[in-house]
Amino acid sequence: MDPSSHKRYHLHEWEPTDMFNAYYSTKSEKYITDESVRFPMEQLYKVAGQGQMTGDYLIDISGGCHIHHLLPIFEFFRDITILEFSDLCVKELVKWKHRESESYDWTHALSIMEELQGSSFNGNEMENALRRNISHILKCDFTKENITDPVVLPKADCVLSLYVFHAVCEDQDEFCGSKYHILTTDKKSVEEALRFAGFVIEHMEVIESKLRTDSIYCEHLYFIKALKQSNGVI
């Protein structure tokens with residue numbers, strides 16, 4: 001596949017339903033949803049249960065119009081803002097928030113939450129409670145000094161991001177191979193980069209990835225909870 005035909009996530013419009021069906025829905029292969037849906041949900045549930053993720057205001061800036069990663073932690077924040085690069089993704093998230101009939105079905109993610117929480121779980125109540133906690137769904141643009149211009153966001157107690165920052169890195173050669181979109185950074189390099197940027201790692205989980213497709217090739221998936229303690233060098 002010609003890499004020039006690939007769309008840049010934060011620069012081009014693309015059909016979010018294709019991404020949803022390929023990586024986050026019941027139409028996906030089980031090993032894919034285990035990595036893209038179950039893995040982050042289990043890890044977030046673990047750290048939230050240990051009291052490591054709390055505050056008033058959460059900003060989520062993730063790749064794609066998915067909400068499964070918010071299910072394990074939204075109860076620990078009073079106000080959530082979701083940022084997206086794509087108008088189409090914003091549209092799909094708004095459809096889900098307003099419970100429109102054609103919005104994406106997250107029953108499979110709610111089933112994972114039921115496994116984690118046990119018999120007291122009520123999927124409809126949880127999904128509706130998450131909807132209520134999301135106050136804004138905004139388009140953002142990393143080329144602007146204020147990425148949500150003209151909206152000015154308050155400082156967040158927590159920033160959550162899944163599958164996006166390596167996709168918007170300006171130095172594409174650092175992350176992309178000749179054919180596949182490849183993230184090959186080893187654990188030690190990840191730890192050093194975060195420390196260099198002024199973060200202290202409080203929790204890290206690494207699993208070997210089985211993702212091997214024409215558009216993405218991952219060696220490992222990382223779940224990292226890090227606390228910003230200094231300005232560092234970014």
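Every read-out reported here was derived from the displayed coordinates using simple, explicitly stated rules and does not represent laboratory data. Keep in mind it's a predicted model, so treat the numbers as computed, not measured. Using ideal geometry, Cβ is built from the backbone for each residue, glycine included, and neighbour counts are taken over all protein chains shown.
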Quiz item: From the phi of every residue in region 75-80, what ³J(HN,Hα) in whole Hz does the Karplus formula 6.51 cos²θ - 1.76 cosθ + 1.60 yield, where θ is phi - 60° and glycine or proline is x?
Solution: 5, 8, 9, 7, 9, 10
Exercise. Could you go through region 50-55 in sequence order and give the Karplus-derived ³J(HN,Hα) for each residue, using 6.51 cos²θ - 1.76 cosθ + 1.60 with θ = phi - 60°, rounded to whole Hz, and x for Gly and Pro?
Key: 8, x, 8, 9, 9, x
Quiz prompt | trypsin sites (Lys or Arg not before Pro) lying in DSSP loop within region 190-233, provided at most 16 other Cβ fall within 10 Å | solution = Lys210
Self-check item: For region 53-98, diffusion coefficient by Stokes-Einstein and Kirkwood Rh (Cα), 25 °C, 0.890 mPa s, µm²/s
Solution: 219 µm²/s
Self-check item: Nonlocal amide H pairs with Asp60, under 5 Å, H built at 1.01 Å
Solution: Thr81, Ile82, Leu83, Leu160
Practice problem: Work out how far the C-alpha atoms of region 43-168 reach from end to end along every principal axis, then list the three figures in whole Å, largest first. | Solution: 47, 35, 26
Exercise. Excluding Cys140 itself, calculate the net charge of residues whose Cβ lies under 14 Å from the Cβ of Cys140, where each Lys or Arg counts +1 and each Asp or Glu counts -1.
Key: -4
Self-check item: Filtered GluC sites (Glu not before Pro), region 80-126: DSSP coil and at most 10 other beta carbons within 10 Å
Solution: Glu100, Glu102
Exercise. In nm, give the distance between the simple-model label positions of Glu192 and Asp87, each being 7 Å from the Cα along the Cα-to-Cβ direction.
Key: 4.4 nm
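For region 17-99, what does the equivalent ellipsoid look like in terms of its semi-axes, each the square root of 5 times an eigenvalue of the Cα gyration tensor, given largest first in whole Å?
Working: eigenvalues 97, 67, 16 Å².
After diagonalising the Cα gyration tensor, the semi-axes are 22, 18, 9 Å.
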Self-check item: Those trypsin sites (Lys or Arg not before Pro) in region 12-113 that DSSP places in a loop and that have at most 15 other beta carbons within 10 Å
Solution: Lys27, Arg99
